[in-house]
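Okay, so here's the structure we're looking at.
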Amino acid sequence: MTQDIGVVLFEKMVGGELRQIEERSWSMNMVAALEHANYLVVQGREYEAVEGRLNVDTGKLELLLVPMHG
């Protein structure tokens, strides 16, 4: 049986505000891959993962992403 966790991706905008990009279930293998990957491609755009937090109130992993330009 595989276990999944809800992951919420937030983009840090230029002005500092946060915008939720998406929320989906990830397998534990995908979560473990974060140990080796600093960059994510989401909806065809590349982001750098700069911070993550486990929200125990919601049971979700929240990732803060900064868009890569150029």
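Quick notes on this one:
- Cα centre as origin, Lys/Arg/Asp/Glu Cβ charges: the chain dipole, Debye: 60 debye
- Net charge of neighbours whose Cβ lies under 15 Å from the Cβ of residue 59, counting Lys and Arg as +1 and Asp and Glu as -1: -1
- Vicinal HN-Hα couplings computed from phi for the stretch 17-27 (Karplus, 6.51 cos²θ - 1.76 cosθ + 1.60; Hz; Gly/Pro x): 6, 10, 10, 6, 7, 6, 9, 7, 8, 10, 6
- Carbon and sulfur %, accessible surface of the chain computed with the full protein complex present, 1.4 Å: 50 percent
- Residue 17 paired with residue 46, simple spin-label distance in nm, labels 7 Å along Cα-to-beta-carbon: 2.8 nm
- A helix-only calculation puts the chain at -2000 deg cm²/dmol for mean residue ellipticity at 222 nm, using -39500 (n - 2.57) for each DSSP H run of at least four residues, averaged over all residues.
- Projection of the Cα convex hull of the chain, averaged over all directions and equal to a quarter of that hull's surface, yields 5.4 nm².
The values are calculated or read from the model by the stated rules, or taken from the named source; none is laboratory data. Treat the numbers as computed from the prediction; the structure is a model and nothing was measured. Note: ideal-geometry Cβ built from the backbone for every residue, glycine included; neighbour counts use all protein chains shown. Surface areas here come from the heavy atoms of the whole protein model, side chains and all, with no ligands, DNA or RNA. Shrake-Rupley method; radii C 1.70, N 1.55, O 1.52, S 1.80 Å.
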